[in-house]
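Down below is the structure, laid out as structure tokens.
The values are calculated or read from the model by the stated rules, or taken from the named source; none is laboratory data. Predicted model, so just to flag it, every value in this text is computed and none were measured. Quick reminder, even Gly has a Cβ in these numbers, built from the backbone with ideal geometry, and neighbours come from all protein chains shown. Just so you know, the surface numbers come from the protein's heavy atoms only, side chains and all, with ligands and any DNA or RNA stripped out. Shrake-Rupley method; radii C 1.70, N 1.55, O 1.52, S 1.80 Å.
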Amino acid sequence: MKKDKTIKKVLKKIMIGILSVIGIISLVGITFINVSPQFGATSKNGSLERIRNSPNFLNGAFKNIEKTVQNTGFKWSTIPQFFTNGNNKVPSSELPLIKLASSHFKNQPQQPRITWFGHSAAFVELEGLNIFIDPMLGDVPAPSPILGSKRFQKELPISIDSLPKIDVILISHDHYDHLDYGSILKLKNKVTQFYVPLGIKAHLTSWGIDETKIKEFDWWESIQFKEIEFVSTPARHFSGRGITNRNSTLWCSWVLKSKSSSIFFSGDSGYGKHFKEIGEKYGPFDFSMIECGQYNDQWAQIHMTPEETIKASIDVQSKLTMPIHWGAFKLALHSWNEPIIRATTKAKELNIKFTTPKIGESILLNHDNFPNSSWWLNKK
């Protein structure tokens, strides 16, 4: 009997210890979320009213055009795989990187020029304007360095300090691999305007950006900035930077259209009917940047397979397509180079013009000599 009581006391102490640890971890987590600026802020006043009046906002959350399930078959068995670099999920050696001098952007090109910064970050020079799309230039796509996998490259093509004045920053949605707190802080004094989906203004103003520099857009809303029309178009995805604010902000793709050129940027998106609708309304496009990476059958409706990337490029009527959302971070279980291998295979099969720049390499539109080397084949 005495032995049983002793065992019960020990078990009770162990249970109290476990609950105490869980309580401390929960308290630290809640405190971090509440005090860290990384998580942004919640919309209020006019922005909140616009959100509530949006036809895409129902029952307290933004919705996709077609029924979309974020979890299409979660497998507990795969959880450990996210914390390892096996299966070639991370390249074993440095990837090629084109280093850019500050003079690169001082010499304005005669044709539109797009420079890839890895993942979905692209610097677009169009009609005399400098446009930076989803400028995630940080090391880790997470609110804390301990919560994410580091960038594949140790360097950027050019330091943030050496970048030129930026007329417009476009944001597609508020996930950490697209809207990065540290990058925005370093860029904000260079930027004239921020064009963002509904709800993201609150994040930016909480990070010290003057609200007069920010314009929020619902799907199909547009603005003319000098010679370019910017249109916020649909995507099939989701949003949220914290535990409790999922789908409280909108996600989108972007159309950039001038008299001489048209460009499409997909943002993050599962394959859907919206691509054809965008192509019918604003295509054909001289150039498109379409997501190609971080896919899995566990979230099949919110990210595309490489084959669907090619299908989407056909739907939007793209004359030349560049894959994005790959080559910089480990955010899925496939090998780091699987997206580009599968996408180029499908593009060749369907005779789709496909450009594959190295990070830091520029593409000149209306020019036959675009980057198309298979630079990833010599990398493990």
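Taking Lys and Arg as +1 and Asp and Glu as -1, the other residues whose beta-carbon sits under 9 Å from that of His325 total -3. A straight chain from Asp297 to Lys165 at 0.36 nm per residue would run longer than the Cα-Cα distance by 43.4 nm. Secondary structure note: in region 157-232, about 35% of the DSSP beta bridges are antiparallel.
For the chain, a Gaussian network of Cα nodes joined below 10 Å ranks Lys273, Lys99, Lys75 by mean-square fluctuation, and the top entry is Lys75.
Split the accessible area of the chain by element, probe 1.4 Å, and carbon with sulfur accounts for 54%. The Cβ shell under 12 Å around Lys226 holds other residues with a net charge of -3, Lys and Arg each +1, Asp and Glu each -1. Report note on the peptides 41-49, 354-362: ranked by the mean count of other C-beta atoms within 10 Å, highest first, their order is 354-362, 41-49. Looking at the chain, what % of its DSSP beta bridges pair antiparallel, to the nearest 5? Expressed as a percentage, antiparallel bridges in the chain total about 55. Once the 1.4 Å probe is applied to the protein heavy atoms, the chain comes out at 47 Å² accessible per residue. Among (i) 1.05; (ii) 0.89; (iii) 1.95, which is the computed Cα Rg over 2.2 N^0.38 Å? Computed from the coordinates, Cα Rg over 2.2 N^0.38 Å corresponds to (i). Cross-link pairs exceeding 19 Å in C-alpha to C-alpha distance, out of Lys190/Lys358; Lys67/Lys319; Lys154/Lys201; Lys276/Lys311; Lys259/Lys281; Lys190/Lys259, comprise Lys190/Lys358; Lys67/Lys319; Lys154/Lys201; Lys190/Lys259. Which one, Ile278, Ile166, Ile158, has the greatest fluctuation when you compute a Gaussian network model over the chain with C-alpha springs under 10 angstrom? It is Ile158. The C-alpha atoms of region 96-162 occupy a region whose extents along the principal axes are 43, 21, 19 Å, arranged from largest to smallest. Hydrophobic long helices, here whole DSSP H runs in the chain with Kyte-Doolittle means of at least -0.5 and Cα atoms spread over 20 Å or more along the helix axis, are found at 2-35.
Using only DSSP helix segments of four residues or longer, with each worth -39500 (n - 2.57), what per-residue ellipticity at 222 nm results for the chain after dividing by its residue count and rounding to 500? Theoretical 222 nm ellipticity from helices: -7000 deg cm²/dmol.
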